Amino acid sequence: MKKLFTLIAGMLLIGSGAFAQDKWTTITTNGNMEGEQSPDWSSFWCHDWREVTEGEELLGGGQQRDSNGQFQGFAEIVEDPIKPGNHCARVIIRSKEEADAAGNTITDAANGKPDWAEWDSQFFIYATETIPQGKEVRLIMKVRAEKAGNLQTQAHYNPGNYNHWQLFGDIEYTTEWKQIEVTQTITADMTQEANGKAFQSVAFNLSTMRDGNVIYFDDVRLQVRDPQENEEPEFTGWFNFLRNGINSADKFKFSNGTFTNFTGRDGSTGKDQPARIVNDPLDGQPALNVTSICYNSTYQKEEKTEILDGDGQPVLDEDGNPTYEISYTELPCYIKENGDTLKKQDGSIGIDDWQTQFFVATPHVFKNGEKFRFVISVRADKETTIQTQIHRGPGDYLHYQLLGDINVTTEWETYIFEQAIDGSQAGGSTFAFNCNVLKEEVNNYYFRIDEISINAASATDDDRTLMRKSISLPVPALEKDVNVKIDLSEMMEILRIENLTEFLNDNTLKATVKKVEGEGDDEDVTVSLMGGLQATTGIFINDIGSWIDDDQGINIYFPEEGISGNEATINIGNFAETEFTPGNTIQTVICFEKDHWMYAFDVTLMDPAAYEAQSGITDVKVTKNGNGAIYDLSGRKVTAPAKGLYIKDGKKFIMK
């Protein structure tokens with residue numbers, strides 16, 4: 001029997017107008033990693049391990065780097081191996097084998113023993129000012145590595161002086177340049193201002209892999225602004241983050257290769273791990289399974305009572321010390337397979353309610369007053385209660401409670417929650433369920449997530465973007481064009497596209513729009529996606545990578561005759577007013593949308609010689625292009641065609 005419960009909590013906060021956009025202030029210097037390097041050169045430090053090179057010295061200090069010791073200093077600036085002429089910061093991460101061979105494996109603070117730690121190598125961003133509680137902080141950067149992986153983020157007072165874990169959550173990177181943009185509101189535990197340690201530095205833990213790596217950073221900006229007093233926009237319907245329930249591949253955050261948004265802290269192993277998908281023993285259908293822990297042993301708690309004489313004075317031993325009567329109380333506890341006794345947060349022996357948890361991680365950071373809808377079905381082998389919390393990320397606690405307590409039975413029951421986020425919950429992105437309320441027996445929980453929705457009006461482009469891929473494209477000389485073939489199999493799979501030709505004919509290509517104000521440290525950049533023309537018609541990009549409603553720029557389109565199966569040809573035509581300077585690059589984003597979901601390409605436009613050096617393709621064919629202009633059937637030039645039949649480069653096309 002399936003029961004249905006609807007719980008309504010909080011109120012929907014409705015407002016009007018756009019969100020206020022106060023100016024971001026950049027508090028880092030030389031984020032593009034260009035210019036002469038010196039001790040006062042930039043806001044970036046490193047904490048890495050290097051072999052000594054003859055004559056190599058630490059900048060500004062004359063101290064050699066030592067492979068047997070940790071190198072701390074300014075991040076090393078190198079020429080980008082895959083993008084000649086561009087400079088970036090490089091950090092070399094040693095492997096566990098190298099650490100062991102050097103005899104200086106770092107001590108893990110968790111157990112006080114020589115062990116491996118994610119912070120064995122670090123990269124630091126040092127701000128030009130301290131950042132108090134309540135401020136909003138935005139990190140913008142590009143990152144890539146020789147091997148794909150992920151890094152962790154922390155808040156530090158200054159490089160190496162730890163404040164709080166985590167700050168921006170985990171960041172995944174690949175072997176190609178990836179654009180990162182994350183925002184966080186600074187809370188009290190991130191600043192520790194009471195201890196004189198106001199937040200001023202971001203630390204990236206890079207040693208999450210055991211086999212070493214080399215990681216590159218570029219175009220790094222740390223920005224700050226006052227918190228935004230935003231009202232929830234008028235409700236326009238629900239935007240659901242899930243398209244496929246427990247097997248959802250919609251977002252890859254916290255996926256760990258399982259292609260699911262769900263993760264668990266399973267008491268049977270005592271470790272964070274991806275949630276298991278099993279066939280429920282009750283109905284045989286897929287469900288997410290989490291196993292709790294229980295008391296499996298007892299220990300003798302020692303109690304000492306001071307012995308007093310008839311006058312109430314301590315009875316002393318022959319050495320003059322007070323004497324005690326010792327008694328023992330047998331109490332339950334849990335002992336792991338390695339012999340460790342599980343302790344509660346207060347240090348006592350026992351099991352906390354949250355020592356088994358189930359996490360539902362979303363890509364969205366909830367704002368104060370934001371309306372959400374959460375639909376979950378749950379059952380367990382034994383009746384019990386689940387407590388609910390909201391976390392910034394799995395295990396990064398923010399607030400208790402969120403959805404209240406859920407009474408769980410042995411039958412499947414569905415709960416529907418509709419409520420608004422309050423101020424103490426704002427900044428969270430993960431639903432957490434405490435599954436260890438029942439401690440006397442092991443319990444198996446089974447979950448099915450049917451919906452995780454927010455007000456569609458508040459869903460950001462990042463929320464809607466299922467995947468981003470970095471590509472480079474060559475820009476020919478003026479009045480020339482070039483064709484580059486790319487494989488779109490991944491995009492077709494993720495957006496669920498059956499026919500690429502039909503999709504590109506129907507899809508409206510989107511691109512970034514950048515607004516730049518001021519110069520240097522006063523630069524303010526806002527990035528959004530704006531709809532352009534059809535993919536088979538194309539869009540124009542200007543010299544800063546912005547979409548423009550004009551034909552004077554770099555034209556990017558997907559000619560219909562170049563679409564075959566899962567592959568498509570991108571045509572890049574140069575109709576700019578001035579020549580594209582060799583060695584320069586233009587960064588932009590082009591994006592495809594289907595059913596409100598997006599797949600984005602982070603695009604680097606470069607001259608053909610640099611493209612050939614990076615890609616290894618040496619036969620880039622540049623040809624004379626038409627003018628790329630669009631005309632109606634009367635011969636009139638149009639820059640933003642509406643629906644109808646048009647002509648471009650002598651070919652007819654339909655704008656739907």
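The values are calculated or read from the model by the stated rules, or taken from the named source; none is laboratory data. Model, not experiment: these values are computed from the prediction. Note that we place each Cβ from the backbone using ideal geometry, even for glycine, and neighbour counts take in every protein chain shown. Side chains included, ligands, DNA and RNA excluded: accessible areas come from the protein's heavy atoms. Shrake-Rupley method; radii C 1.70, N 1.55, O 1.52, S 1.80 Å.
Within segment 312-341, which GluC sites (Glu not before Pro) sit in a loop by DSSP and count at most 10 neighbouring Cβ atoms inside 10 Å? Could the numbers behind the result be given before it?
Numbers: sites: GLU318, GLU325, GLU330, GLU337; in loops: GLU318, GLU337.
Qualifying residues, ordered by number: GLU318, GLU337.
Taking the solvent-accessible surface of protein heavy atoms with a 1.4 Å probe, what is the per residue accessible area of segment 442-596 in Å²?
Accessible surface, normalised per residue, equals 41 Å².
Sequence gap at least 6, Cα distance under 8 Å: using those rules, report the relative contact order of segment 360-518 to the nearest whole percent.
Answer for segment 360-518 is 27 percent.
Can you pull the Rg over Rh of segment 336-393, Cα-only, Kirkwood?
Rg/Rh for segment 336-393 comes to 1.06.
Rounded to a whole number of µm²/s, how large is the Stokes-Einstein D of segment 387-441 at 10 °C and 1.306 mPa s, given Rh as the Kirkwood radius over C-alpha pairs?
Answer from the Stokes-Einstein relation: 127 µm²/s.
Quick one: if the Förster radius is 60 Å, what FRET efficiency do GLN345 and LYS480 give, using the C-beta to C-beta distance and rounding to 0.05? Mind showing how you got there, number by number?
On the way: r = 66 Å, r/R0 = 1.10.
Calculated transfer efficiency: 0.35.
Where Rh denotes the Kirkwood radius from the mean inverse Cα pair distance, what is Rg over Rh for segment 117-161?
0.98
Hull surface divided by four, with the convex hull built on the Cα atoms of segment 270-378: how many nm²?
Numbers: hull surface 59.1 nm².
About 14.8 nm², averaged over all directions.
For segment 288-441, what is the Kirkwood estimate of the hydrodynamic radius, computed as the reciprocal of the mean inverse distance between distinct Cα atoms, to one decimal in Å?
Details: mean 1/r = 0.0529 Å⁻¹.
Kirkwood hydrodynamic radius for segment 288-441: 18.9 Å.
What's the Kirkwood radius of segment 365-468 in Å, using all Cα pairs?
Result for segment 365-468, one decimal place: 14.8 Å.
Once both labels are modelled 7 Å past Cα along the beta-carbon direction, what's the HIS596-ARG373 spacing in nm?
0.9
Just to verify a number: FRET efficiency for THR175 and LEU316, C-beta to C-beta distance, R0 = 56 Å, to 0.05?
Efficiency, from the Cβ-Cβ distance: 0.15.
Given 25 °C and 0.890 mPa s, how large is the Stokes-Einstein diffusion coefficient of segment 124-215 in µm²/s, with Rh as the Kirkwood radius over Cα pairs?
179
Tell me, what % of the accessible area of segment 553-612 is carbon and sulfur with a 1.4 angstrom probe?
Answer for segment 553-612 is 45 percent, counting heavy atoms of protein chains only.
Where the accessible area of segment 426-494 is counted over protein heavy atoms with a 1.4 Å probe, how much of it, in %, is carbon and sulfur?
Carbon with sulfur: 44 percent of the solvent-accessible area.
Given a 1.4 angstrom probe, what's the average accessible area per residue across segment 349-390, in square angstrom?
It amounts to 23 Å² per residue over segment 349-390.
Could you work out the mean projected area of the convex hull around the alpha carbons of segment 416-523, in square nanometres to one decimal?
One quarter of the hull surface, i.e. the mean projection, equals 15.2 nm².
State the extension gain, in nm to one decimal, for the chain segment bounded by THR298 and SER564, taking 0.36 nm per residue of separation less the distance between their alpha-carbons.
Details: separation 266, 0.36 × 266 = 95.76 nm, distance 6.80 nm.
89.0 nm is the gain from fully extending THR298 to SER564.
Let me check against my output: what whole-number percent is the relative contact order of segment 269-391, with C-alpha pairs under 8 Å and at least 6 apart?
On the way: 120 pairs, mean separation 22.7, N = 123.
Taking the mean separation of contacting Cα pairs over the length of segment 269-391, I get 18 percent.
Across all directions of projection, what mean area in square nanometres is found for the Cα convex hull of segment 448-510?
Its Cα hull, projected and averaged over all orientations, spans 7.3 nm².
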